[in-house]
Amino acid sequence: MSKVVVTGGAGFIGSCLVRKLIESGAERVTVLDNLSSGKEANLSEVRELVDLHVTDICDYEAMAPIIAGAQRVFHLAAIPSVPKSIVEPVPSHESNIDGTFNVLRACKEGGAGRLVYAASSSAYGDTEVLPKVETMKPMPLSPYALQKLVGEYYCSVFTKCWGLETVALRFFNVFGPRQDPTSQYSGVLSIFMTCVLERTAPTIFGDGEQSRDFTYVEDVAGLLIKASRAPAALVSGICYNAGNGGRFTLNETWREVCAIEGVTIEPKYGPTRAGDVRDSQADTTAAVRDLGHQPQFTFPQGLRKTLEWYRATLVRA
Ligand code: NAD
Ligand code: UD1
């Protein structure tokens, strides 16, 4: 039986990927996660088909045997917040750079097949031109953005030096069910969802005219699987944008969330966050051409599905 490993598989995107892998035929999935932000409950529907190892990717001796011999490894474990990497740079550095090196080393030494890496569009920083295309020079604005870029470079170097098959996908702003809204570092849409359901005003950092290419989590999970199957000669060692290709400001997004819910709530405004990228939008040409990227959800469709999930979850809580 072919072994599939998902690091960070108890997290928001990782748990969606695990469900999709099982839907698309994987008999079992191995999850490697230290549960720092992920939760076992995120895997509840598929729990009996998951081998969960509560292990830290920074502990090479503990994690390497879990990865050894895997045909496919999806590396999503990371501390995923821009502001957290500024307030607490050491744990971010350790998980996002040292941990990523460990995962790559474990793949190489354990004879694993392809590694698909969760890279980040934050690597671009502020570019003069939109949409952002993979040939642009990266200009990271935060420790997190730099860390994720180093991970990409390490993937390409493991391919060049040791022949390990790697594909990096630069996710843009991913949203959907199970994104944890409870931390000050939570993704903005998870915060917008809870605010609208609780009829409270969110705080928008800056003037709200910054924009993001919000991408529904199931489209990202689908693309991860496509990247794990595309011909090696075409994709190995390459990094692809994994966005939707659209762009919405935070002001527009909050208005849309309120309109879906049928309420009007004025947001509060606070100071711009350090390390914040102003605008983000993916050129998806390469991912469409080489990986067959074909997002299934428009932004409003994704928002509606996400809002329904938070509504059901908040009612149960
Ligand atoms: P998440 O916090 O829900 O998932 C990260 C998972 O990694 C969690 O389950 C956490 O417990 C685990 N983890 C963290 N450090 C670990 C360590 N040292 N050892 C083992 N497990 C560890 O976040 P997410 O939004 O699902 O992000 C998943 C990946 O996607 C990350 O690599 C992130 O950088 C990347 N990404 C996310 C977005 C986004 O918009 N959410 C965009 C670009 C890239
Ligand atoms: C997000 C992801 C990061 C990913 C990157 C890719 C999270 C937590 N961050 O970073 O992993 O690599 O996209 O593009 O998933 N904001 C508010 N109010 C809030 C929270 C945020 O106004 O309460 C603003 C932020 O200042 C920012 C925007 O919303 O301008 C998005 O912030 P956030 O959701 O934290 O994501 P990014 O920093 O874009």
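The values are calculated or read from the model by the stated rules, or taken from the named source; none is laboratory data. In this text the structure is predicted, and so the values were computed from the model without any measurement. All Cβ positions, even for glycine, are placed from backbone atoms using ideal geometry, and neighbour counts span all protein chains on display. Note: areas computed on protein heavy atoms with side chains; ligands, DNA, RNA excluded. Shrake-Rupley method; radii C 1.70, N 1.55, O 1.52, S 1.80 Å.
Here are the numbers:
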item: Some residue of segment 141-154 being surrounded by fewer than 20 Cβ atoms within 10 Å (Cβ to Cβ), modelled with pLDDT of 95 or more, within 13 Å of ligand 2 (Cβ to nearest atom) and not in a helix (DSSP H, G or I); result: yes
item: Residue within segment 303-313 that is at pLDDT below 95, out of contact with any helix residue (DSSP H, G or I) (no Cβ under 9 Å at 6 or more places or on another chain) and among the polar types (S, T, N, Q) present; result: yes
item: Members of segment 72-86 that are within 13 Å of ligand 2 (Cβ to nearest atom) and open to solvent by 40 Å² or more (accessible area, probe 1.4 Å); result: Pro80, Lys84, Ile86
item: Qualifying residues in segment 259-294 (those that are within 19 Å of Tyr216 (Cβ to Cβ) and within 16 Å of ligand 2 (Cβ to nearest atom)) - the one surrounded by the fewest Cβ atoms within 10 Å (Cβ to Cβ); result: Asp283
item: The lone exception for Met136 - which of (1) part of a loop (DSSP other than H, G, I, E, B); (2) within 16 Å of ligand 1 (Cβ to nearest atom); (3) not basic (Lys, Arg) it fails; result: (2)
item: Restricting segment 23-71 to residues that are open to solvent by less than 40 Å² (accessible area, probe 1.4 Å) and under 18 Å from the mean Cα position of the chain (by Cα), the residue that is nearest to ligand 1 (Cβ to nearest atom); result: Gly38
item: Residue match in segment 93-107 (condition: within 26 Å of Ala230 (Cα to Cα), aromatic (Phe, Trp, Tyr) and surrounded by fewer than 24 Cβ atoms within 10 Å (Cβ to Cβ)); result: yes
item: Residues of segment 186-212 that turn out to be of a type outside the set (S, T, N, Q), within 10 Å of ligand 1 (Cβ to nearest atom) and either open to solvent by less than 10 Å² (accessible area, probe 1.4 Å) or over 30 Å from Ala286 (Cβ atoms) (or both), as a count; result: 1
item: Filter pass, Ile67 being more than 16 Å from ligand 2 (Cβ to nearest atom), within 23 Å of Leu223 (Cα to Cα), in contact with a Leu (Cβ under 9 Å, 6 or more places away or on another chain) and in the same structural domain as Arg19 (by TED's automatic domain parsing); result: yes
item: Scope segment 155-208; condition away from ligand 2 (no atom under 16 Å from the Cβ) and either part of a strand (DSSP E or B) or more than 30 Å from Ala233 (Cβ to Cβ) (or both); matching residues; result: Thr166, Val167, Arg199
item: Residue match in segment 46-54 (condition: without any contact (Cβ under 8 Å) to a residue 12 or more places away in the chain, out of contact with any Cys (no Cβ under 7 Å at 6 or more places or on another chain), farther than 21 Å from Leu224 by Cα and more than 16 Å from ligand 2 (Cβ to nearest atom)); result: yes
item: Residue in segment 118-126 that is more than 10 Å from ligand 1 (Cβ to nearest atom), assigned to a loop (DSSP other than H, G, I, E, B) and either of a type outside the set (Phe, Trp, Tyr) or surrounded by fewer than 16 Cβ atoms within 10 Å (Cβ to Cβ) (or both) present; result: yes
